[in-house]
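The values are calculated or read from the model by the stated rules, or taken from the named source; none is laboratory data. Since we're looking at a predicted model, the values are computed, not measured. Cβ coordinates were reconstructed from backbone atoms using ideal geometry, including for glycine residues, and neighbour counts include every protein chain displayed. With ligands, DNA and RNA removed, areas are computed over all heavy atoms of the protein, side chains included. Shrake-Rupley method; radii C 1.70, N 1.55, O 1.52, S 1.80 Å.
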There are 2 protein chains.
Amino acid sequence: MRISELARRSGVPVATIKFYLREGILPTGAARGATQADYDDDHLNRLRLIRSLAELAALPIAQIKTVLGLIDHPDADLFTTLGKAISALPPYVESGGGEHPRARAAIEHLGWTYDETFPATWQLERALAAVEEAGIPLTDERLDAYGAALHPMAEYDVAGAPGGAIDADASATGHPVIDRSAAERSAAARSAAVRYAVLGTALYEPVVVALRRLAHQDIAARRLGA
Amino acid sequence: MRISELARRSGVPVATIKFYLREGILPTGAARGATQADYDDDHLNRLRLIRSLAELAALPIAQIKTVLGLIDHPDADLFTTLGKAISALPPYVESGGGEHPRARAAIEHLGWTYDETFPATWQLERALAAVEEAGIPLTDERLDAYGAALHPMAEYDVAGAPGGAIDADASATGHPVIDRSAAERSAAARSAAVRYAVLGTALYEPVVVALRRLAHQDIAARRLGA
């Protein structure tokens with residue numbers, strides 16, 4: 001198809017498509033005469049992914065390049081690749097120098113994996129400092145309630161990862177299996193897992209936040225007789 | 001205390017305090033000579049609340065005025081007051097004309113209260129349109145998993161509202177009690193409930209989002225053997 005049809009089918013204006021071509025994140029179409037190029041469904045799919053990252057997830061162009069680079073050439077170590085990809089998502093929080101006492105205490109209280117190099121750890125530290133400063137610090141009781149709700153939600157998300165890239169728990173003990181075959185997974189499965197993790201994280205957070213507000217409203221409506 | 005001490009103790013610069021005085025959201029101190037004013041702990045507490053709304057929750061000045069107005073003069077109908085207060089929080093989503101088919105289907109599927117005038121409904125509609133467009137639409141199964149996790153979290157939040165402003169379920173049937181005494185609650189209790197709902201919603205959302213990412217990381221670390 002010509003660039004005009006690519007624009008029509010993707011919903012992305014021609015000028016924006018040309019920008020993506022210049023930035024090297026959308027491959028050039030097959031040459032068709034001196035001034036025209038031919039695009040196919042691979043271009044269309046790529047463009048839809050770029051559009052999701054740019055318009056729906058609101059990523060800056062540098063971060064889109066990072067994510068696409070990880071999708072195109074995922075590292076054999078899927079855990080590290082996923083970490084790099086999620087790090088490309090907002091909010092862009094500075095580490096602050098390495099000490100994250102509030103986040104560390106909360107994560108260790110929950111018995112989750114603590115990793116001070118992970119941006120979500122810095123994000124949690126900043127969020128906990130804010131609630132503390134506002135006079136509504138996170139109590140262990142509230143942390144337990146949140147952890148008990150969010151971990152199963154996250155299990156559901158991870159279980160839905162495509163192509164079995166992240167294997168489901170298959171142990172009889174109920175504890176997750178440590179799977180050492182990560183290095184042997186196919187690059188295609190790893191690419192799909194990165195795509196799912198990035199879009200699922202960026203685009204489902206607004207769903208979660210809206211549903212939480214609606215749950216508050218539902219409870220208030222029932223209790224206050226609205 | 002003088003304005004300089006108020007600045008030191010609140011962490012808000014004198015110039016910013018003067019801006020809040022001019023905007024009428026911080027009451028003037030008691031006159032103390034021609035050019036000085038005296039501030040007390042009420043001013044300090046008010047300033048800390050304004051700072052939480054302005055710096056931590058990142059509300060624009062117009063929305064801070066709305067929230068403070070609702071805290072100062074809460075309507076007798078607490079449910080309506082809470083709705084107005086939460087509507088002052090970002091994201092500022094347009095209603096889009098009244099039809100919210102995706103949000104309506106999701107909320108009705110969960111059996112929650114549907115209210116098309118509530119901004120979180122518009123927010124959910126927009127978020128669901130985005131995941132649909134990105135090719136990862138919300139399935140009923142995922143909705144069930146999220147609803148089952150988020151409703152108890154929201155119950156915990158509402159149960160923690162100060163001063164019993166929002167009464168806990170006291171029925172023997174396990175169904176929430178419709179409480180008709182809302183109009184008789186004290187204004188002070190309603191003010192405290194509005195403050196709690198606004199700060200709790202705005203400042204705990206980043207906590208929830210960070211914890212969700214950390215739960216994903218914890219699960220991936222265990223499964224991928226990091």
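General remarks:
- When residues of region A:113-137 are limited to those that are aromatic (Phe, Trp, Tyr) and out of contact with any His (no Cβ under 7 Å at 6 or more places or on another chain), the one surrounded by the fewest Cβ atoms within 10 Å (Cβ to Cβ): A:114
- Single condition residue B:56 does not satisfy, out of (1) at pLDDT 90 or above; (2) under 28 Å from residue B:42 (Cβ atoms): (1)
- Only listed residue being within 25 Å of residue B:186 (Cα to Cα), out of contact with any Pro (no Cβ under 8 Å at 6 or more places or on another chain), open to solvent by 30 Å² or more (accessible area, probe 1.4 Å) and assigned by TED's automatic domain parsing to the domain that holds residue B:3, chosen from B:75, B:40: B:40
- Among the conditions (1) surrounded by 15 or more Cβ atoms within 10 Å (Cβ to Cβ); (2) touching a Gly at 6+ places or on another chain (Cβ under 8 Å), the only one that residue A:89 does not satisfy is (2).
- Leading residue by the ranking (nearest to residue A:131 (Cα to Cα)) among those in region B:112-157 that are in a helix (DSSP H, G or I) and among the β-branched types (Val, Ile, Thr): B:121
- Candidates are the residues of region A:43-65 that are among the polar types (S, T, N, Q) and not assigned by TED's automatic domain parsing to the domain that holds residue A:197; the one that is most open to solvent (accessible area, probe 1.4 Å) is A:45.
- Screening region A:23-100 for helices (runs of 4 or more DSSP H) wholly inside it with 1 or more residues that are of a type outside the set (S, T, N, Q) and more than 14 Å from chain B (Cβ to nearest Cβ) returns the ranges A:41-51, A:61-72.
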